[in-house]
Protein chains: 2
Amino acid sequence: MIKTKFSIAIHIMTLLAMYKEDWMNSILIAESLNINPVLVRKEIAALKAGGLVESKEGKNGGVKLLIDANKIRLSDIFKIAKGTDTVLSPLKNKPNPNCRVGKQINSKMDTILEDIDTAISKELEKQTLEEFMNQF
Amino acid sequence: MIKTKFSIAIHIMTLLAMYKEDWMNSILIAESLNINPVLVRKEIAALKAGGLVESKEGKNGGVKLLIDANKIRLSDIFKIAKGTDTVLSPLKNKPNPNCRVGKQINSKMDTILEDIDTAISKELEKQTLEEFMNQF
DNA sequence: CATTACTGTAATTTTTTTAATTACAGTATA
DNA sequence: TATACTGTAATTAAAAAAATTACAGTAATG
């Protein structure tokens, strides 16, 4: 569910940008979000795989930005949160293949859905994480 | 759920554009989509309220475009499907009000989420329903 | 070197959301 | 007056998401 992941990811990244010297742990972050720490850790795993953060295990461990907040654009965070999904996904039910529209709708829709994601990325490219954080 | 509604609405509108002389009924449309007719009728109610289609009750009734397909842009359909929601909605859990980020994140996010919807609308403005239909 | 405090995941359960179904009143057609 | 629709509300079933539990692995610290 992109909509949740995106909100979680932005929140996490804002915290990390604000306390960029500290290793922040998932419980603290989860308390700020008011969600379960495991969800936070999962999203951190994605941000880590995307190269935006680093983490340290063990006592006094936690997470930290790997890149300066002014080098990170909100679109970078969006792309990681979204993964391979599209924001507006097609219906799960297979449309009727005996219908002229049903037969082709999914492939035609796919183009639109990809274009929408590209448009979102372009929009989010405009703002850096630092700019976003400086509002707080 | 905007993602479902948008797909349903586009599918319905494509069918109506293709068979623009006919009153199409919800069972036929539902069979093309392979979903329940009640869901179709609900989305038709929204399209009707949005002024894009007209419907006729009783025997031989159904739904029909009210506006020519070349005057309808995909953004018009998107706006109706989305209603007052944003595509990427904020988390339901209230973030921690004792946290500097938690306290303000929702209001700051709202701006981003609105901007995303505007960007999607702009993208979908580029294509008319007729152009989309002509692909089939 | 044992204790503590973390990450990282997997597995399971609970909760929430979405979709399907059922039901039926109202209406136009023939 | 029978038939075939729309329009909606209420209920049930199914699917998805979130929370919880559990625990192995790891690093710091006394």
Q. Can you find a residue in segment B:11-33 that is part of a helix (DSSP H, G or I), of a type in the set (S, T, N, Q), surrounded by 20 or more Cβ atoms within 10 Å (Cβ to Cβ) and away from DNA strand D (no atom under 15 Å from the Cβ)?
A. yes
(Q) On the basis of being in a helix (DSSP H, G or I) and either surrounded by 17 or more Cβ atoms within 10 Å (Cβ to Cβ) or more than 9 Å from chain A (Cβ to nearest Cβ) (or both), does B:D85 make the cut? (A) no
Q) Applying the selection to segment B:1-37, what residues are among the β-branched types (V, I, T), more than 8 Å from DNA strand C (Cβ to nearest atom) and more than 14 Å from the chain's Cα centre (by Cα)? A) B:I27, B:I29
Q: Give the residue that is surrounded by the most Cβ atoms within 10 Å (Cβ to Cβ), with candidates limited to residues of segment B:56-82 that are within 16 Å of DNA strand C (Cβ to nearest atom) and in a loop (DSSP other than H, G, I, E, B).
A: B:G61
Q: For segment B:1-37, enumerate the residues that are of a type in the set (K, R) and away from chain A (no Cβ under 11 Å).
A: B:K20
Q | Residue that is away from DNA strand D (no atom under 16 Å from the Cβ), more than 14 Å from chain B (Cβ to nearest Cβ) and at pLDDT 95 or above, where the choices are A:K71, A:K79 | A | A:K71
(Q) Please go through segment A:88-136 and give me each residue that is without any contact (Cβ under 8 Å) to a residue 40 or more places away in the chain, more than 7 Å from chain B (Cβ to nearest Cβ) and of a type in the set (S, T, Y), ordered by number. (A) A:S107, A:T111, A:T118
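The values are calculated or read from the model by the stated rules, or taken from the named source; none is laboratory data. Model, not experiment: these values are computed from the prediction. Positions of Cβ are generated from backbone atoms using ideal geometry, with glycine treated the same way; all protein chains shown enter the neighbour counts.
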